[in-house]
Amino acid sequence: MQSSSHSLSAAAIQLMADRPVFDAHADSLQRALDLDHDLGVAGEGHLDVERGQQGGLGTLVFVSWVDPKYIEKGPNGARDRTRGLLGEFHRLIARHPTRVQFAGNARSMEEAHARGALAGIPGIEGGHSIEANLAELDWFFERGVRVLTLVWNNHLSWIRSCQPGAGAHVPEGLSEFGRSVVRHMNELGMVVDLSHAGERAFYDALEVSSVPVIASHSGCKAVCDHQRNLTDEQLRALARHGGVVGIVFCTPFLSIEAGAEDRRLREKAEYKAISDAHETREFMLQSDFLQREAKPLPAEVVIDHICHAVEVAGIDHVGIGSDFDGIQRTPYGLESAACYGWIAELLLRRGFTPLDIRKVLGLNMQRVFAAVTGSRTAAATARLVAYDLPSTLSARL
């Protein structure tokens, strides 16, 4: 078991043998829906079940990310796009029932691990998918969604993102409806994810939530001063609340210099000439160009963020959230889901104990997932076993 670029030591191989990785965020469902990629077998992009299992992946949050442009398509545009992406998750488990299984709570996650299958957790990135309607949140929960990133880069009428440009209609943090979303997620047993949230919204959500929350795919602002990253105070607050930050693999969030190089390369004629009829394919072609042309960013920078988060928040409050297939280039040594073992190798070299490495790779995220979902999700998780695929997807199996 090794990365595409580096060989692992015997100690790292032993650590990865039982597939300890819980990756809290990957966007691969877009490839399945838009390009008909079978995520059960090795192929294009960053992640699929086959390469993930080779790399030690035991649990994955399959995220449904919806471009805000779908809001402009009319009422329920974002909701309907999200439903299509979620359908691809159900299609995947129907096609490969022994390789990936739905994990609606800790018990079903453990059962998947015991059977040697990847535990798949459906998630949604961006509260615009629920169309400001708690009934939509119920609908998605009943069909398996267990993680909701409250906001993406687009501000909503009930929550402000970390990006600038919010209008007068956007609250400073969470509106009363936004607070009701957090409370209802707690009641259902759905994990609140605060990556992308503005600082005030971040603290508002911590105040409202009665259970731990996560920031699924973020970095440390003290290491890389990027608006998507968390300050030391945010890291401490997350830890006080029992939560976990998932360190992201997105190069601009890891290094200011890497972000500047990406911007420089996007100005080149070769990059601008990249075109495809489908935007998801175009995104992948652009990603290939950046990965090929940019000066490699060593994976050690991911470890720098992990080490800083551990120093500030504590070893029990740091995990990983790759953002595979949602980012345009990755650090050298972490090019795909076959490469998680390189994190174990580098952490060993930094003096982390095997137990601490297991916490970062997966145990911490598993703890939060278990605490939030709890026994109250058992009935909904059992009902999903008999969930019927939409007929348009069933016809494609």
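Since every read-out is calculated from the coordinates, none of them should be taken as a lab result. Since we're looking at a predicted model, the values are computed, not measured. Note that each Cβ is placed from the backbone with ideal geometry, even for glycine, and that neighbours are counted across all protein chains shown.
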Rank-order 107-114, 72-79 by packing density, defined as the average count of other C-beta atoms within 10 Å over each peptide's residues, highest first. 107-114, 72-79
So, with +1 on the Cβ of K and R and -1 on the Cβ of D and E, and no other charges, what is the size of the charge dipole of segment 246-397 about its Cα centre, to the nearest 20 debye? 400 debye
If you add up the charges near Arg228, with Lys and Arg at +1 and Asp and Glu at -1, over every other residue whose beta carbon is less than 11 angstrom from its beta carbon, what do you get? -1
Summed side-chain charge close to Arg266 - residues other than Arg266 whose Cβ falls under 14 Å, Lys, Arg +1, Asp, Glu -1: -1
Do you know the relative contact order of the chain, to the nearest whole percent, from alpha carbon pairs under 8 angstrom that are 6+ apart? 23 percent
Label point 7 Å out from Asn76 along Cα-to-Cβ: which residues of segment 116-144 have amide N under 14 Å? 130-133, 135-137, 139-140
Is the C-alpha gyration tensor of segment 242-286 telling us rounded, prolate or oblate? Criteria: a/c under 1.5 is rounded; beyond that, a/b larger than b/c is prolate, otherwise oblate. oblate
Quick one: 3J(HN,Hα) in Hz for segment 309-326, Karplus 6.51/-1.76/1.60 with θ = phi - 60°, rounded, Gly and Pro as x. 4, 5, 4, 7, 9, x, 5, 7, 10, 10, x, 10, x, 4, 6, 3, 6, x
Which of the following values of mean projected area of the Cα convex hull in nm² was calculated from the structure shown: (i) 17.7; (ii) 19.9; (iii) 20.9? (i)
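For the chain, give the magnitude of the charge dipole about the Cα centre (Cβ charges: +1 Lys/Arg, -1 Asp/Glu; no others), in debye to the nearest 20.
Result for the chain is approximately 560 debye, rounded to the nearest 20.
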18 Å cut-off, amide nitrogen to a point 7 angstrom out along Lys272 Cα→Cβ, residues in segment 241-262: 261-262
When the helices in the chain are scored as -39500 (n - 2.57) per DSSP H run of 4 or longer and the sum is shared across all residues, what 222 nm value do you end up with, to the nearest 500 deg cm²/dmol? -12500 deg cm²/dmol
Excluding Gly219 itself, what net charge comes from residues whose Cβ is under 13 Å from its Cβ, given Lys and Arg +1 and Asp and Glu -1? -2
Using DSSP to call loops (not H, G, I, E or B), can you name the trypsin sites (Lys or Arg not before Pro) in segment 223-279 whose Cβ has at most 15 other Cβ atoms within 10 angstrom? Lys268
